[in-house]
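These notes concern the structure reproduced below.
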Amino acid sequence: MKVKNLSKTDCCTIYNNMKSRCYNEKIHAQKPWYKDCTMCDEWLADKYAFYDWVNDGNFYVIDGEPTVELDKDILVKGNTIYSPETCIFAPKSINTLFGGSSKKNDDGLPMGVTMTENGKYKPQIKRFPDVFDTPEEAWEIWKLHKQSLIIQKADEYLGKIPMKLYYAMMSYQFEITD
């Protein structure tokens, strides 16, 4: 991990993208999971406070990787506020592991579970052959698989990402009610 200072232009791009996710109704129509997101008062009132936070050792690069992404809910599960206390930059391969981690399926099933044509339940794991009688059984298998993937990825990036991100990944817990 190499800490890097960003230009004012790069900081502005990240800031404007964050602000759009929070307050742009067109974004909310395309990505409704951002509908309840907000920015902390400090960053909303003063974009330079955000720029300072970015360049105060929070932005980094990893050799051979695309740029890191601003995340608001790995450190604080289910968080909807972009703030210095809740945000961290994470490689895309880490950030995408948490996609959908705080959302129930539209069909009322727990995240990571689908119903098969014969009324059984299957964890959403590629090539996983087993089905279960209850959604809870399928969810337990999905949860173990997902947490295992996150731990593997954390170990793969150990020494390349901030320790705060590593510890958040290692301790991340899924609940069936998420």
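The values are calculated or read from the model by the stated rules, or taken from the named source; none is laboratory data. Every value quoted in this text rests on a predicted model; they were computed, and no experiment measured them. For neighbour counting, all protein chains shown are included, and Cβ atoms are generated from backbone atoms with ideal geometry for every residue, glycine included. The protein model used for the area step is the full one, side chains on, heavy atoms only, and it has no ligands, DNA or RNA in it. Shrake-Rupley method; radii C 1.70, N 1.55, O 1.52, S 1.80 Å.
Cβ-Cβ distances below 8 Å connect the following pairs, each with a first residue in the range 161-178 that is open to solvent by 10 Å² or more (accessible area, probe 1.4 Å), a second residue that is hydroxyl-bearing (Ser, Thr, Tyr) and in a helix (DSSP H, G or I), and a separation of six or more residues or different chains: TYR166/TYR157. Based on what the data block shows, is GLY78 farther than 23 Å from LYS4 by Cβ and open to solvent by 20 Å² or more (accessible area, probe 1.4 Å)? So GLY78 fits the description; yes. Name the single residue, out of those in the range 143-160 being under 15 Å from GLU65 (Cβ atoms) and among the charged types (D, E, K, R), that is least open to solvent (accessible area, probe 1.4 Å). Here the answer is LYS153.
Looking only at the range 1-55, filter to residues that are acidic (Asp, Glu) and open to solvent by 80 Å² or more (accessible area, probe 1.4 Å); which one of those is farthest from GLY159 (Cα to Cα)?
Let us first name the residues in the range 1-55 that are acidic (Asp, Glu), namely 10, 25, 36, 41-42, 46, 52.
Then keep just the ones that are open to solvent by 80 Å² or more (accessible area, probe 1.4 Å); that gives 25, 36, 41-42, 52.
Numbers: GLU25: 39, ASP36: 34, ASP41: 33, GLU42: 31, ASP52: 24 Å.
Residue satisfying both the conditions and the ranking: GLU25.
The residues listed here are GLU69, GLU136, GLU117, GLU140; of these, the one that is under 30 Å from MET1 (Cα atoms), of a type in the set (Asp, Glu) and either open to solvent by 20 Å² or more (accessible area, probe 1.4 Å) or assigned to a helix (DSSP H, G or I) (or both) is GLU69. Inside the range 22-56, can you point out the residues that are in contact with a Leu (Cβ under 9 Å, 6 or more places away or on another chain) and outside any helix (DSSP H, G or I)? Listed by number, the list holds a single entry, THR38.
Among the conditions (1) part of a loop (DSSP other than H, G, I, E, B); (2) open to solvent by 80 Å² or more (accessible area, probe 1.4 Å); (3) not charged (D, E, K, R), THR96 misses just one, which is (1).
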